[in-house]
Amino acid sequence: MKIAFDAKRAFYNNTGLGNYSRNTIRQLSTFYPLNKYLLYTPSTAKSIRFKISNNSRIITPQTFTGQIFKSYWRSYLINYQISNDNPALYHGLSNELPFGIKSVKTKTVVTIHDLIFKRFPKMYKPADRNIYDRKFRYAAENANIVIAVSKQTSSDIMEFYKIDINKIRVVYQSCNPVFYKLLDEKERAGIKKKYLLPNDFLLYIGTIEERKNLLGVVKALHKSKIDIPLIVIGNKTAYFDRVNKYILTNGLSNRILFFDNLANTDLPVFYQSAKAFVYPSFFEGFGIPILEALASGTPVITSEGGCFSEAAGENSVFVNPYKHESIAEGILKVLSSKELRVNMIVEGRKHALKFTEEQVAKNLMTTYEQLF
């Protein structure tokens, strides 16, 4: 079978949608090597290292117009390319399908990751909300199958876009298999020395933006008896200024440690060395960092409700993200009981095995086959 992907994010984005796109392409090409995979992208970015397999081919704009107006090519002109290549199906990996895709006699699938801009509209500029809404709605209405990355996202698609449940499939994501490999003390020691990591610490990984609620974690540490530092890894947005102001005002600089430009290959050591992973986000489509932590054998403290129980499993500790007292209580609960931590590590690893690359690839292929 010949399968085509909107692979722009695989070549443009280091995290988030980029990881999902790269993982999906790699998983399918690895576990279903007899298929052919077409990767449509306006161009490739030198900063993204993405090694494709022999059964995959990168396709970029061939016309002068497409090469100059790359966004227009991806949203409209790509239909001509799809028609010429004649794949069995076209999968939009990042919430979008080309406008006019129904003129092409190709089955279509779109993955919708979340509708956060509908749930929390004040966190987005009006112009951005309108663009997202137009693209997401069109894709959901015109795809043959809509993949939701969680039951929460599936529910949101039905609520906001009135899409029939029979058209939606929940297919969970996987994380990079590197997180499932537990490192020995010697391997960890070298990385810990490289970054001068403390012996004990809590870990937060994620974009430093309002929705992910880092300030709530900082307040929890400040207002409680938690005496170990918090390591923060993530891209900064304007929200960082609010967090940093609180840190400076309350003399917390030696308790909140920020790390930038971290090598992805070093990330597992941070997870595996942390006492707990703290992720009280207000809302997520799924929450890949949660899965990375569980696979790494790290106890997870995350938010109650939403998709978090899907990602974290029943043995994680759930807190109210709107109350820093609840976050602090959850952290202290994990830190104060070795027995609880051991159980969370064991059961968390078991839960993470439900999301292996092979299982996710199988679920995707089963979804594709339902089109024929």
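Listing for the model above:
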item	result
For Phe5: the one exception among (1) exposed (fewer than 14 other Cβ atoms within 10 Å of the Cβ); (2) in contact with a helix residue (DSSP H, G or I) (Cβ under 7 Å, 6 or more places away or on another chain)	(1)
Boolean, Thr153 is crowded, with 19+ Cβ neighbours inside 10 Å, closer than 19 Å to Lys212 by Cα, of a type outside the set (A, V, I, L, M, F, W, C) and outside the structural domain of Gly305 (by TED's automatic domain parsing)	yes
Selected residue (only one of Thr298, Thr302, Thr249 is buried (at least 24 other Cβ atoms within 10 Å of the Cβ), outside the structural domain of Phe117 (by TED's automatic domain parsing) and free of Cβ contacts under 8 Å to residues at least 40 places away in the same chain)	Thr302
Test: residue in the range 257-266 that is surrounded by fewer than 24 Cβ atoms within 10 Å (Cβ to Cβ), modelled with pLDDT of 95 or more and either farther than 28 Å from Ser336 by Cβ or of a type in the set (Ser, Thr, Tyr) (or both)	no
Test: residue in the range 236-246 that is assigned to a loop (DSSP other than H, G, I, E, B), under 18 Å from Tyr279 (Cβ atoms) and of a type in the set (Phe, Trp, Tyr)	no
Selection from the range 27-78 of residues that are aromatic (Phe, Trp, Tyr) and surrounded by 13 or more Cβ atoms within 10 Å (Cβ to Cβ)	Phe31, Tyr32, Tyr37, Tyr40, Phe50, Phe69, Tyr72, Trp73, Tyr76
In the range 165-205, the residues that are without any contact (Cβ under 8 Å) to a residue 24 or more places away in the chain, part of a helix (DSSP H, G or I) and of a type in the set (A, V, I, L, M, F, W, C)	Ile165, Ala189
Selection count where residues are more than 17 Å from Ala238 (Cα to Cα) and either touching a helix residue (DSSP H, G or I) at 6+ places or on another chain (Cβ under 8 Å) or of a type in the set (Phe, Trp, Tyr) (or both), scope the range 122-134	3
Some residue of the range 179-199 being among the polar types (S, T, N, Q) and buried (at least 17 other Cβ atoms within 10 Å of the Cβ)	no
Residue match in the range 358-371 (condition: touching a residue at least 12 places away in the same chain (Cβ under 8 Å), out of contact with any Ser or Thr (no Cβ under 8 Å at 6 or more places or on another chain), among the small types (Gly, Ala, Ser) and within 28 Å of Thr111 (Cβ to Cβ))	no
Test: Gly234 is more than 21 Å from Leu17 (Cα to Cα) and not polar (S, T, N, Q)	no
Test set (1) crowded, with 16+ Cβ neighbours inside 10 Å; (2) at pLDDT 95 or above - Ser83 fails condition number	(1)
All positions within the range 314-372 that are aromatic (Phe, Trp, Tyr) and exposed (fewer than 13 other Cβ atoms within 10 Å of the Cβ)	Tyr322, Phe372
Residue that is nearest to Tyr90 (Cα to Cα), among those in the range 37-64 that are in contact with a Pro (Cβ under 8 Å, 6 or more places away or on another chain) and not hydroxyl-bearing (Ser, Thr, Tyr)	Leu38
Lone qualifier among Asn54, Asn23, Asn35 - being in the same structural domain as Asn363 (by TED's automatic domain parsing) and touching a Cys at 6+ places or on another chain (Cβ under 9 Å)	Asn23
Residue under evaluation Cys175, criteria (1) within 24 Å of Glu304 (Cα to Cα); (2) at pLDDT 95 or above; (3) of a type outside the set (Lys, Arg), criterion not met	(2)
Any hit, the range 340-353, residues being at pLDDT below 95, assigned to a helix (DSSP H, G or I) and not aliphatic (A, V, I, L, M)	no
Some residue of the range 232-241 being touching a residue at least 40 places away in the same chain (Cβ under 8 Å) and assigned by TED's automatic domain parsing to the domain that holds Tyr279	yes
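The values are calculated or read from the model by the stated rules, or taken from the named source; none is laboratory data. None of the values given here were measured: they were computed from a predicted structure. Ideal geometry is used to build each Cβ from the backbone, glycine not excepted, and the neighbour counts take in all protein chains shown.
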